[in-house]
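**Q** Take this structure first; my questions come after.
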Amino acid sequence: MSVALAEAHNAASRGEVPIGAVLAKDGTIVASAGNRTRELKDPTAHAEILVIREACQILDNERLTGCDLYVTLEPCTMCAAAISFARIRRLYYGAQDIKGGGVENGARFYAQPTCLHIPEVYSGFKETEAEVLLKEFFRHKRL
């Protein structure tokens, strides 16, 4: 999660919403990224999506079975779906996203009967650090 937080800090320095993600397999980092929606002018360029795309290329497979994803903020519904479609084994995330989350808040994608793969979900990892980073980012934006 420390690497995901570093990616979130990097995203903030680029003016992006500070969210970072890391995908690991067998304890080794395969890919890491921070949000790049503004830079790439792509609303799907969330950290989770970028990491999934990169890991699929590196591992030469559209399925990331046996892989674990670490994200600083609860994934939105789009990202929750991508995590499911990629067959990621475990999802670890920091802060909850009451407004935009799609895992334990909002749409609760994995609770839907149409969801075919449900990763193990663990929340609260470095939650305070992730929350502070996001709050500070938006506080500065509002000044």
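The values are calculated or read from the model by the stated rules, or taken from the named source; none is laboratory data. Keep in mind that this is a model prediction, so the values were computed, not measured. Positions of Cβ are backbone-derived with ideal geometry, glycine not excepted, and every protein chain shown enters the neighbour counts. Areas reflect the complete protein model, heavy atoms only, side chains present, ligands, DNA and RNA absent. Shrake-Rupley method; radii C 1.70, N 1.55, O 1.52, S 1.80 Å.
**Q** Mind listing whichever residues of the stretch 6-27 are aliphatic (A, V, I, L, M), in contact (Cβ under 8 Å) with a residue 40 or more places away in the chain and either surrounded by fewer than 22 Cβ atoms within 10 Å (Cβ to Cβ) or in contact with a Cys (Cβ under 8 Å, 6 or more places away or on another chain) (or both)? First the steps, then the outcome.
**A** First, the residues of the stretch 6-27 that are aliphatic (A, V, I, L, M): 6, 8, 11-12, 17, 19, 21-24.
After this cut, where a residue has to be in contact (Cβ under 8 Å) with a residue 40 or more places away in the chain as well, the list is 8, 12, 17, 19, 21-24.
Those that are aliphatic (A, V, I, L, M), in contact (Cβ under 8 Å) with a residue 40 or more places away in the chain and either surrounded by fewer than 22 Cβ atoms within 10 Å (Cβ to Cβ) or in contact with a Cys (Cβ under 8 Å, 6 or more places away or on another chain) (or both): Ala12, Val17, Leu23, Ala24.
**Q** Moving on to the next point. Could you please find all residues in the stretch 28-43 being surrounded by fewer than 24 Cβ atoms within 10 Å (Cβ to Cβ) and either without any contact (Cβ under 8 Å) to a residue 12 or more places away in the chain or touching a helix residue (DSSP H, G or I) at 6+ places or on another chain (Cβ under 7 Å) (or both)?
**A** If we filter the stretch 28-43 for residues that are surrounded by fewer than 24 Cβ atoms within 10 Å (Cβ to Cβ), which is where we start, we get 28-32, 36-43.
Within the stretch 28-43, Thr28, Ile29, Val30, Ala31, Ser32, Arg36, Leu40, Lys41, Asp42, Pro43 meet the criteria.
**Q** Also: Kindly list, by first and then second residue, each pair from a residue in the stretch 102-119 that is within 15 Å of Tyr92 (Cα to Cα) and open to solvent by 40 Å² or more (accessible area, probe 1.4 Å) to a residue that is assigned to a loop (DSSP other than H, G, I, E, B) and small (Gly, Ala, Ser), limited to pairs with Cβ atoms under 7 Å and residues at least 6 apart or on different chains.
**A** Listed by first residue and then by second, the contacts come to nothing, as the list is empty.
**Q** Would you tally the residues in the stretch 60-105 being touching a helix residue (DSSP H, G or I) at 6+ places or on another chain (Cβ under 7 Å), in a loop (DSSP other than H, G, I, E, B) and more than 18 Å from Glu127 (Cβ to Cβ)?
**A** Qualifying residue count for the region: 3.
**Q** Restricted to the stretch 81-101, and to residues that are more than 15 Å from Leu23 (Cβ to Cβ) and of a type in the set (A, V, I, L, M, F, W, C), which residue is most open to solvent (accessible area, probe 1.4 Å)? Steps first, answer last, please.
**A** Kept after step one, since they are more than 15 Å from Leu23 (Cβ to Cβ), are these residues of the stretch 81-101: 81, 94-101.
Those still in the list that are of a type in the set (A, V, I, L, M, F, W, C) too: 81, 95, 98.
On the way: Ala81: 15, Ala95: 2, Ile98: 119 Å².
Filtering first and then ranking leaves Ile98.
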